[in-house]
Amino acid sequence: MSIYSISQVSKITEIPALTLRAWENRYQAVTPNRSTSGYREYTKSDIKKLRYLKALTTQGHSISKVANKSIKELEALIKEYEGHSYIINEKALNTLKESEIEKIVEGLLLALKEYRLEIITHELKKIKLNLRPKDLVFKVLSPLLQRVGQMVYDERLSISHEHALSSIIKFHIGQYIYSEYESSSGQRQKIALTTMEGELHEFGILLASLLCLEYDHEIIYLGPNLPPLALLETVKALDISTIIIGTHYSAKKSYSNNLTEYIRTITYNISKSQKLILGGPGRYNKDQFKNTKNLLPMESFIELDKYLAQL
């Protein structure tokens, strides 16, 4: 009998690993066996049922209503609804084309211009069901935020538009993070995400948290504006292996000095096996860290994605 890990099942079904764990813990949708090391072991039958559940939840069915149905019952339910025009075909669930994604981003921008925030929330719910965390970052959220930032700069949108969108996106990403905390197994590498004290820009670490979830790493989301000693205390208490600190571009010398001192404090007080990932375009005195092997500067999400995939 073939056995599959949670990461393999996630790739096969296109269901995020954190959703798989939530469906198991909350609704007992499937009950995989455990290896001697405590890792989940899924069967082909589990995968078949999960595919049906994904199809039905995308159609609008509540997972709580269908999770405990048998495979035959799920098959019958899908056949019952497959003739309706508003039902998404199972084969098309995970085949959103680039042009369709561009339309989604344009639609979100149009809704934002008109302050139709309920439409944005509704669309993001659908997108979360159909895209993996990695695709959500690269195909939707990152280009959307870049477009909004440029439109605010060009005065085609106002700061209030940007803040409204920010609140909605933080809410939806927060749901991912909350689900992760509920289903944490304690057996994966722990990654802490934060920004330095005085740094209030947190979208970088929010999107980075989604990339961590893509590769089934356990995240400890600490939010922005964290003093260095508080971060070090958390790292020690929770045995965290990797720290991700988000930054933004600033021409101010005070920002560069503060970031340099923050990096020095953290790297000096963590072990050689622990890593500090410095994400974003924040300026600091690089000459001071030429021989600091546990500091990994990464200015793009692409770099971070490659690193997390191999971690």
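The values are calculated or read from the model by the stated rules, or taken from the named source; none is laboratory data. As the structure is a prediction and not an experimental result, all values here were calculated from the model. As a convention, Cβ positions derive from the backbone with ideal geometry for all residues, glycine included, and neighbour counts pool all protein chains shown. Surface areas here come from the heavy atoms of the whole protein model, side chains and all, with no ligands, DNA or RNA. Shrake-Rupley method; radii C 1.70, N 1.55, O 1.52, S 1.80 Å.
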By how many nm would the segment from Asp287 to His163 grow when fully extended, if each residue of separation counts as 0.36 nm and the alpha-carbon distance is taken off? 41.0 nm
Please compute, for the alpha-carbon atoms of region 172-265, the extent along each of the three principal axes and give them in descending order in Å. 42, 28, 17
What does the accessible area per residue of the chain come to in Å², with a 1.4 Å probe and no ligands, DNA or RNA counted? 53 Å²
In whole percent, how big is the carbon plus sulfur part of the accessible area of the chain, probe 1.4 Å, protein atoms only? 51 percent
For region 165-311, what is the relative contact order in percent, using Cα pairs closer than 8 Å and at least 6 residues apart in sequence? 23 percent
Answer in debye to the nearest 20: the dipole magnitude of the chain about its Cα centre, from +1 Lys/Arg and -1 Asp/Glu charges placed on Cβ, is 640 debye
In whole Å, what is the distance between the alpha-carbon centres of region 1-62 and region 269-301? 37 Å
From the cross-link list Lys272/Lys306; Lys48/Lys139; Lys125/Lys170; Lys103/Lys126, the entries with a Cα-Cα span beyond 24 Å are Lys48/Lys139
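For the chain, report the translational diffusion coefficient in µm²/s to the nearest whole number, using Stokes-Einstein at 37 °C, 0.692 mPa s, and a Kirkwood Rh over Cα pairs. Before the final figure, lay out the partial values.
Working: Rh = 21.2 Å.
Translational diffusion coefficient: 155 µm²/s.
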Percent of beta bridges antiparallel (DSSP, the chain, rounded to nearest 5): 15 percent
